[in-house]
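What follows is one structure encoded as structure tokens, with my remarks underneath.
The values are calculated or read from the model by the stated rules, or taken from the named source; none is laboratory data. Since the structure is predicted, the reported quantities are computational estimates derived from the model, not experimental observations. Positions of Cβ are backbone-derived with ideal geometry, glycine not excepted, and every protein chain shown enters the neighbour counts.
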Amino acid sequence: MPLIKAEGLSKTFHVAQRRPGALGGLRSIVNPQMRVVHAVRDLALTVERGEMVGLVGPNGAGKSTTVKMLTGILMPSGGSVRVAGLDPQRQRRNLAGRIGVVFGQKSQLWWDLPLIDSLRLLRHLYRVPEERHAANLERLRHLLQLDEFLQTPVRQLSLGQRMRGDLAAALLHDPELLYLDEPTIGLDVVAKARIREFLRAINAERGVTVLLTTHDMDDIEALCKRMVIIDHGRKLYDGAVSGIRERFGGERTLIAVLDDGDLARLPAGADGTLILPDLPVGVRQTDAEPPRIALAFGRAALPAHELVAWLGARYRLRDVTFEEPDIESVIRRIYEEGLLLDAPVA
Amino acid sequence: MRALLRDLRLYRRLVAMQARSQLQYKANIAIDIGTYFAISTLEFTQIFLLFASFTTLAGWSAGEVALLYGVTSVAFGLAEMFGAGIDGFDEMIRRGDFDRVLLRPVSPFLQVAGSDFRLRRFGRFSQGVLAAVIGLFLLGGLPWRPLDAFVLPLGILSGMFVFLAVMVLGATLCFWTVETTELTNILTYGGREMLSWPLSVYSQSLQRFFLFVVPLAFGTYAPVCYLLGKPLPLGLPEALAFAAPLVALLFASVAATIWGFGVRRYQSTGN
């Protein structure tokens with residue numbers, strides 16, 4: 001049985017419109033004007049035990065509403081959800097003991113007290129038996145290297161240290177499922193790498209299922225095999241992370257470094273930039289910074305080696321490199337061009 | 001029963017965390033308590049300013065009013081101290097921290113109540129004790145009756161619970177709108193202020209309001225009347241002074257039920 005199974009999941013909000021003017025606030029309370037917002041529509045999501053799934057979408061796409069419904073904080077307007085065999089809304093407290101949640105921008109630690117105090121108190125907030133708590137704390141201290149700042153007040157921790165503390169806090173009760181909301185936001189490269197390494201370890205060793213929302217595509221590529229893209233409350237893509245570039249990658253870029261002699265013979269445009277003339281169909285020049293010329297070409301237009309051969313036949317190439325589109329721009333393209341939408345969005 | 005004890009222990013732990021947090025700033029907390037004590041003392045001196053020109057107020061002497069004022073302040077001071085988390089609930093909603101509360105397998109109310117504890121409000125409590133002692137001193141002792149020893153602690157505890165229940169009702173409003181917190185302050189701060197004076201100076205409808213709608217008067221006023229041998233307002237029988245805990249319990253359960261509605265509303269609308 002899958003750990004998360006949602007079908008036809010929907011959430012509609014009725015948002016009161018604030019009215020302008022001095023008495024606007026009062027009128028909004030007495031006779032509110034409601035606007036209907038479909039935050040999540042007809043979402044199907046199945047996550048198997050042990051998976052690491054990235055949930056991606058622009059701000060306001062419905063990611064956090066979805067997570068709130070999966071955790072039981074929010075009641076769906078329609079559809080069904082089961083998480084770990086429980087109805088999240090009806091059995092919220094029961095489920096809460098089996099999931100861990102980390103909000104990257106909102107710590108659950110007690111600000112003015114040493115980290116260890118928070119970690120100790122959480123045993124009582126989650127009613128974890130003492131031996132189990134001690135064993136988990138021991139393991140997490142080691143894995144996350146908490147010892148150096150265990151006695152430091154949380155307000156004095158660096159962002160990366162605080163995030164390690166929050167991860168420990170979310171895992172002390174042995175959750176089967178971990179929701180992470182922007183776990184690497186604001187962290188430097190080293191801290192990000194450390195967090196990702198930790199997440200891979202708990203997934204591999206403890207079988208913790210991870211559902212991750214992030215704006216950092218590197219997180220997704222480093223951690224998840226599978227990715228779900230949502231926008232306007234609807235699922236746009238649900239599949240392999242690796243497949244998405246091939247399907248929606250659009251154009252790749254070839255950067256050719258030309259010989260000085262060739263460069264001297266190239267015609268220049270009105271603004272003085274050099275132009276490679278008579279490019280094959282489907283190839284266009286995007287940039288020229290001598291001796292480098294950038295050419296964009298579609299996957300369908302012609303194979304990369306043919307373009308290299310075409311260039312090689314006409315110019316003396318000193319170097320050739322390819323740039324894949326980064327996954328972020330791929331996803332931006334999916335939103336902007338509505339590539340996966342089969343029905344228009346109202 | 002065991003679950004209740006376990007919840008109380010958890011509450012104690014949450015409050016201990018808050019107290020320890022505040023004790024990180026020792027000088028700060030000492031100044032705060034001192035300031036709060038001074039402000040409440042300043043408020044208290046208005047009684048003597050008043051009694052400089054009158055000898056009695058609605059049949060109450062200065063010592064009697066001081067005792068009433070002190071007892072009300074003690075009940076309110078305790079409520080302020082323990083109810084700080086409930087009082088700050090609008091902030092919790094605004095920051096979105098209530099989501100975190102719902103993600104833990106223990107009672108949301110317990111976590112909200114334990115989310116804050118104001119050591120500095122010890123100033124109000126201690127000033128109330130001082131006022132009551134001054135009152136007793138001015139009265140030159142009381143004709144103690146056998147049940148007197150019970151009526152005051154019961155009254156203070158009941159008064160505290162009614163004040164807390166008012167705060168819970170105010171907090172519950174935040175599930176609908178965070179713009180109405182001043183409404184609660186009218187009932188808590190306003191109620192404390194009004195109930196520090198003999199009720200008979202107010203109109204009958206106001207007396208009824210504080211007895212039967214928001215039963216703050218049952219908590220502190222009725223027990224003090226009993227202690228001083230004063231008739232209860234509206235000709236109520238004297239024995240009703242002992243009904244304070246029942247009334248408080250009833251009012252608190254109404255507040256708890258409405259709180260429950262509020263949580264369910266939050267779960268259907270978010271914030």
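Note on region A:177-189: residues that are touching a helix residue (DSSP H, G or I) at 6+ places or on another chain (Cβ under 8 Å), more than 13 Å from A:Arg164 (Cα to Cα) and at pLDDT below 95 amount to 3. Do the conditions hold for A:Leu274, that is, is it over 30 Å from A:Gly57 (Cα atoms) and not small (Gly, Ala, Ser)? For A:Leu274, the condition - over 30 Å from A:Gly57 (Cα atoms) and not small (Gly, Ala, Ser) - is met.
Within region B:174-201, the set of residues being touching a residue at least 40 places away in the same chain (Cβ under 8 Å) and over 13 Å from the mean Cα position of the chain (by Cα) comprises B:Cys174, B:Phe175, B:Trp176, B:Val178, B:Thr181, B:Trp197, B:Pro198, B:Ser200, B:Val201.
Restricting region B:99-143 to residues that are among the polar types (S, T, N, Q) and not in a loop (DSSP other than H, G, I, E, B), the residue that is nearest to the other protein chains (Cβ to nearest Cβ) is B:Gln111. Can you name the residue in region A:54-101 that is out of contact with any strand residue (DSSP E or B) (no Cβ under 9 Å at 6 or more places or on another chain), small (Gly, Ala, Ser) and at the interface with chain B (Cβ under 10 Å from one of its Cβ atoms) and is also nearest to A:Ala6 (Cα to Cα) among such residues? Restricting to residues being out of contact with any strand residue (DSSP E or B) (no Cβ under 9 Å at 6 or more places or on another chain), small (Gly, Ala, Ser) and at the interface with chain B (Cβ under 10 Å from one of its Cβ atoms), the top hit is A:Ala96.
Looking only at residues of region B:67-98 that are among the charged types (D, E, K, R), farther than 19 Å from A:Arg92 by Cβ and over 15 Å from the mean Cα position of the chain (by Cα), we find that the one that is farthest from the other protein chains (Cβ to nearest Cβ) is B:Asp90. Would it be correct to say that A:Val189 is surrounded by fewer than 17 Cβ atoms within 10 Å (Cβ to Cβ) and either charged (D, E, K, R) or under 19 Å from the mean Cα position of the chain (by Cα) (or both)? Taking the combined requirement at face value, the residue satisfies it. If you take the residues of region A:114-127 that are crowded, with 19+ Cβ neighbours inside 10 Å and more than 10 Å from chain B (Cβ to nearest Cβ), which of them is nearest to B:Leu102 (Cα to Cα)? The extreme case among them is A:Leu119.
So, in region B:14-48, exactly how many residues are aromatic (Phe, Trp, Tyr) and within 14 Å of another protein chain (Cβ to nearest Cβ)?
Going residue by residue through region B:14-48, those that are aromatic (Phe, Trp, Tyr) are B:25, B:36-37, B:44, B:48.
Right, trim to within 14 Å of another protein chain (Cβ to nearest Cβ) and you get B:25.
The qualifying residues number 1.
Scan region B:210-237 residue by residue and report those that are of a type in the set (Phe, Trp, Tyr) and within 16 Å of B:Val162 (Cβ to Cβ). Correct list: B:Phe210, B:Phe212, B:Phe218, B:Tyr221. When the residues of region B:1-19 are filtered to those that are more than 19 Å from B:Gly85 (Cα to Cα) and of a type outside the set (A, V, I, L, M, F, W, C), the one that is surrounded by the fewest Cβ atoms within 10 Å (Cβ to Cβ) is B:Arg2. The set of residues in region B:235-271 being within 14 Å of another protein chain (Cβ to nearest Cβ) and either over 25 Å from A:Pro88 (Cβ atoms) or not in a helix (DSSP H, G or I) (or both) consists of B:Gly270, B:Asn271.
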